[in-house]
Amino acid sequence: MGIDLDTRFLEEKARKLRRNIIRMIAAARSGHPGGSLSAIDILTYLYFLRMRIDPSNSSWPDRDRFILSKGHCSPALYAVLAERGYFPEEHLWTLREIGSILQGHPDMRKTPGVDMTTGSLGQGLSCGVGMALGGRLDHKGFRVYVMVSDGELQSGQVWEAAMAASQFKLDHLIAIIDNNLIQSDGVTRTVIDIEPAEERWSSFGWEVWRINGHSFAEIDAAFENCQALHGKPHVIIADTVKGKGVSFMENSVKWHSGPPSGEEEQAALRELSGVGRHD
Amino acid sequence: MIEAQPNRVVYGRTLVELGESNPRIVVLDADVPKSTNTSQFQERFPDRFFNVGIAEQNMMGIAAGLATTGKIPFASTFAVFATMRACEQVRTSIAYPRLNVKIVATNAGVENYGDGVTHQAVEDLAIMRAIAHMVVLSPSDPITTRLATLAAARYHGPVYMRLGRNPNNVVHDKDVKFEIGKMIVLREGCDVTLIATGRCVEQALIAAEKLALTGVQARVLDCHTIKPVDSAEILRSARETAGIVTAEDHNIIGGLGGAVCEVVASECPTVVRRVGLADRFASSGRGYAKLLSHYHIDATEITKYAEEVLARRSCSPAPRP
């Protein structure tokens, strides 16, 4: 565990960001709450603790990069970018509005802090391979983090990228699978199963870590380990809960996509207010 | 006198020229570097060359990622795979974010005569032209291929360039001026206009010679930039000559012919006849010239169409204002 891991700080941040995710999707009247909520703990950790970034200089050439290949979970990314100061929080309530800097899916040309345009599932890891190659050519030490979803692993391009990353020995490339077990049409296992994920990634030449994606201690340990091991790309299979943090959204296919009603929004925000919680 | 040589060979040589002076140039290929001629760069700059294997979609994504780090990636494979197998990757990961990637595709049109439809691309111009932010180039000869490659590297943003496979004769002076978006006037004439791209430019020149024998003065334009197309030059020809014949080794739908029709239809209605593959797939053949003449993509057809355009003018009721 990193010496300065402040679990309480991260938990409080993540709770605030979950509230913002709910409010953004409610304001936009559309979006993907389930996968945003499952991803936000890891995003909070990356942007507040792990990544070498400078929010006042979002195009700093030496910065670490993050690619949200599961781009439909943009509310999670936007919430954490605003909280880190890349842009004022009031933009969050313009999500999906015409002319907003916050498009339905991440747009690197419109949103400060977004490192790659994504949203068409399957494409992000290839872009991460390119970034990692570019960094290595210039002898820069930056790392490239790419978050993919479990369902996204059904896309063939992910495995093309996985083969290339191991062929090119990209040890500064770290893939994170937000394994929330649910995709658009149902439970991933019953659509096209991605398991045994550890064996599959390992056989593709990746160093595999499997963690609870909501435990900051486990998240920290996994990313710390990635820094230490050289010569191979890393994948962190993060077992997560779809809709994590809002009881009626948890583990529910229904909340893959779609906004909460006014009442549901209030109920979700009450749950996420921290009142009556014992943590 | 420069000898005939395939444009792809010139492309490979120009990549090396670029690589010598610019360390930001990197090259990717999907397992066909000997054919696309990126192998010349591969040998000279192995550290800046990436063969990604038979994985064109991945190649486009990697090129996009490299571009975000300030590199100028040239990604090459056959046109059929660059524009169709990896179409959405080109659109979403490269064109939409305006990344500085150059997609240079060989074996366009029916130039790969022997392999047949699976390795021919007669739709690539139409597809790439419909993608916003994309510049689409189609040089005609070794001289303009070198200039187009250099211009693509200088231009900041996504570029698609189509090249063939077979030897190309030189049709331009060695000091010809090449500018993206500006057609090159190869021959002035006031009777009819022949606008051609790529391989067909040479056929248009042959057609113009034939027409001259019958007293017809044909204007010949090399349209090396399909997008942004040179509207001013098209409209000048629409106003000054009886009509336009376009010629391309491509489906007559959506490529050069389509682009020219779009311009004249809205600004200066003009008769346009399109030489190209008539919305069909081509067969395998045992020679490129044989295949072109079988599908009527040659000087004979261009000449015939030009004569038809002129005949139509002679029976039109009123002169053009």
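The values are calculated or read from the model by the stated rules, or taken from the named source; none is laboratory data. All values derive from a computational prediction rather than experimental measurement. Here the Cβ is made from the backbone with ideal geometry for all residues, glycine too, and neighbour counts use every protein chain on show.
Which pairs have Cβ atoms under 7 Å, sit 6 or more apart or on different chains, and link a residue in region B:49-65 that is facing another protein chain (nearest Cβ under 7 Å) to one that is basic (Lys, Arg) and assigned to a helix (DSSP H, G or I)?
The qualifying pairs are B:57/B:85.
Within region A:183-240, which helices (runs of 4 or more DSSP H) (wholly inside it) include 1 or more residues that are farther than 27 Å from residue A:254 by Cβ? Explain how you work it out, then say what you get.
Details: elements: A:188-191, A:197-203, A:216-228.
Those helices (runs of 4 or more DSSP H) span A:197-203, A:216-228.
Give the residues of region A:167-184 that are within 14 Å of chain B (Cβ to nearest Cβ), surrounded by fewer than 19 Cβ atoms within 10 Å (Cβ to Cβ) and of a type outside the set (D, E, K, R), sorted by residue number.
Hits for region A:167-184 are A:167, A:168.
Can you tell me which residue is farthest from residue B:7 (Cα to Cα) among those in region B:98-120 that are surrounded by 24 or more Cβ atoms within 10 Å (Cβ to Cβ) and within 13 Å of chain A (Cβ to nearest Cβ)?
By that ranking, first place goes to B:99.
Which ones in region A:107-132 are at the interface with chain B (Cβ under 7 Å from one of its Cβ atoms), closer than 22 Å to residue B:133 by Cβ and among the aliphatic types (A, V, I, L, M)?
Across region A:107-132, the qualifying residues are A:108, A:116, A:131.
Of the residues A:104, A:99, only one is in a loop (DSSP other than H, G, I, E, B), over 16 Å from residue A:68 (Cβ atoms), more than 8 Å from chain B (Cβ to nearest Cβ) and out of contact with any Ser or Thr (no Cβ under 6 Å at 6 or more places or on another chain); which?
Working: A:104 fails: over 16 Å from residue A:68 (Cβ atoms).
Only one candidate passes the filter, namely A:99.
Condition first: surrounded by fewer than 24 Cβ atoms within 10 Å (Cβ to Cβ), closer than 18 Å to residue B:230 by Cα and among the hydrophobic types (A, V, I, L, M, F, W, C). Now tell me which residues in region B:185-208 satisfy that.
B:185, B:186
Out of everything in region A:198-229 that is within 18 Å of the chain's Cα centre (by Cα) and among the aliphatic types (A, V, I, L, M), what residue ends up being surrounded by the most Cβ atoms within 10 Å (Cβ to Cβ)?
Let us first name the residues in region A:198-229 that are within 18 Å of the chain's Cα centre (by Cα), namely A:208-224, A:226.
Next cut, among the aliphatic types (A, V, I, L, M) only: A:208, A:211, A:217, A:219, A:221-222.
Working: A:208: 19, A:211: 22, A:217: 13, A:219: 26, A:221: 16, A:222: 24.
Among those that are within 18 Å of the chain's Cα centre (by Cα) and among the aliphatic types (A, V, I, L, M), it is A:219.
Do we have any residue at all in region B:285-301 that's more than 26 Å from residue B:114 (Cα to Cα), among the polar types (S, T, N, Q) and either under 22 Å from the mean Cα position of the chain (by Cα) or in a loop (DSSP other than H, G, I, E, B) (or both)? Spell out how you get there, then give the answer.
So the first thing to find is which residues in region B:285-301 are more than 26 Å from residue B:114 (Cα to Cα), and the list is none.
No - not one qualifying residue is present in region B:285-301.
Determine if region B:19-37 includes at least one residue that is within 14 Å of another protein chain (Cβ to nearest Cβ) and either at pLDDT below 95 or assigned to a helix (DSSP H, G or I) (or both). Quick ask: steps written out before the conclusion?
Taking region B:19-37 first, the residues within 14 Å of another protein chain (Cβ to nearest Cβ) are B:19, B:22-31.
Checking which are either at pLDDT below 95 or assigned to a helix (DSSP H, G or I) (or both) leaves us with B:19.
Within region B:19-37, one or more residues are within 14 Å of another protein chain (Cβ to nearest Cβ) and either at pLDDT below 95 or assigned to a helix (DSSP H, G or I) (or both).
Would you mind finding the one in B:92, B:144, B:118 that is in a helix (DSSP H, G or I), free of Cβ contacts under 8 Å to residues at least 40 places away in the same chain and within 28 Å of residue B:290 (Cα to Cα)?
On the way: B:92 fails: within 28 Å of residue B:290 (Cα to Cα); B:144 fails: free of Cβ contacts under 8 Å to residues at least 40 places away in the same chain.
Matching residue, one of B:92, B:144, B:118: B:118.
Each row is one residue, and each column tells you yes or no for (1) touching a Ser or Thr at 6+ places or on another chain (Cβ under 9 Å); (2) modelled with pLDDT of 95 or more.
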position: B:259; (1), (2): yes, yes
position: B:282; (1), (2): no, yes
position: B:294; (1), (2): yes, yes
position: B:318; (1), (2): no, no
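Condition check: part of a helix (DSSP H, G or I) and buried (at least 23 other Cβ atoms within 10 Å of the Cβ). Does residue B:75 satisfy that? Write out each step before concluding.
Working: part of a helix (DSSP H, G or I): no; buried (at least 23 other Cβ atoms within 10 Å of the Cβ): yes.
So residue B:75 fails the test.
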